[in-house]
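These notes are about the structure you will find just below.
The values are calculated or read from the model by the stated rules, or taken from the named source; none is laboratory data. Since this is a predicted model, take the numbers as computed values, not measurements. Quick reminder, even Gly has a Cβ in these numbers, built from the backbone with ideal geometry, and neighbours come from all protein chains shown. Please note that ligands, DNA and RNA were not included when accessible areas were found on the heavy atoms of the full protein model with its side chains. Shrake-Rupley method; radii C 1.70, N 1.55, O 1.52, S 1.80 Å.
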Amino acid sequence: YNKHMGFVLFISWWYGTGWINSFKAIGVRALSMAKFFSLAILLRTLFEPWKQITTYVGPNTPIGDRFRVWFDNIFSRLFGFVIRSTVFWVGTFASLLTILYGVILAIIWPIVPILPIIFVATAFGVLII
């Protein structure tokens, strides 16, 4: 076993498998965020009544009560739409931020191993950024 072999293995992993995995992680994190916010379910149930609160009337219900029930049911659907669409857009924004964060990490991935050298050189005035 060569004492420099660990360094060579690290560098080959960092610029090979590690870097590829950093790109793969972007999709995994974005999917995880979408699942956390249940984006597919929110879209599927966008116009459903809020908490499934609906009122039913019988065939002999007076017209005034029918209108009140109709209004209550419409309001429940409207309220459900507002809440679900708000959560959907927040979740979409969070997913997009997660993707952006992942892309930035993947882009700076190659320079991370040399950052300590750059920081030390800058601290001692050898390198001016």
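A probe of 1.4 angstrom, applied to the heavy atoms of all protein chains, finds PHE75 with accessible area near 120 square angstrom. To test your reading of the geometry: what angle, between 0 and 90 degrees and rounded to tens, separates the Cα axis of helix 63-108 from the longest principal axis of the chain? Computed tilt is about 10 degrees.
The alpha-carbon of LYS24 sits under 24 angstrom from the alpha-carbons of these lysines, leaving out residues fewer than 8 places away in its chain: LYS35. Relative contact order of the chain: 35 percent, from C-alpha pairs under 8 Å at least 6 residues apart in sequence. Starting from the Cα of LEU115, move 7 Å in the Cα-to-Cβ direction to define the label point; list residues of segment 20-52 whose amide nitrogen is under 20 Å from there. Zone members listed by number: 20-27, 29. For segment 16-80, the equivalent ellipsoid derived from the Cα gyration tensor has semi-axes of 48, 8, 6 Å, listed largest first. Charge dipole of the chain (Cα centre as origin; +1 on each Lys and Arg Cβ, -1 on each Asp and Glu Cβ, all else neutral): 180 debye, rounded to the nearest 20. Computing semi-axes √(5λ) of the Cα gyration tensor in Å for the structure here picks out one of (1) 36, 14, 11; (2) 58, 17, 8; (3) 30, 18, 15, namely (2). Distance between the modelled labels on PHE7 and THR45, one decimal in nanometres: 5.7 nm (7 Å Cα→Cβ projection). Taking the charge dipole of the chain about its Cα centre, with +1 at Lys and Arg Cβ atoms and -1 at Asp and Glu Cβ atoms, the residue from ILE118, LEU100, ALA40 reaching farthest to the positive side is ALA40.
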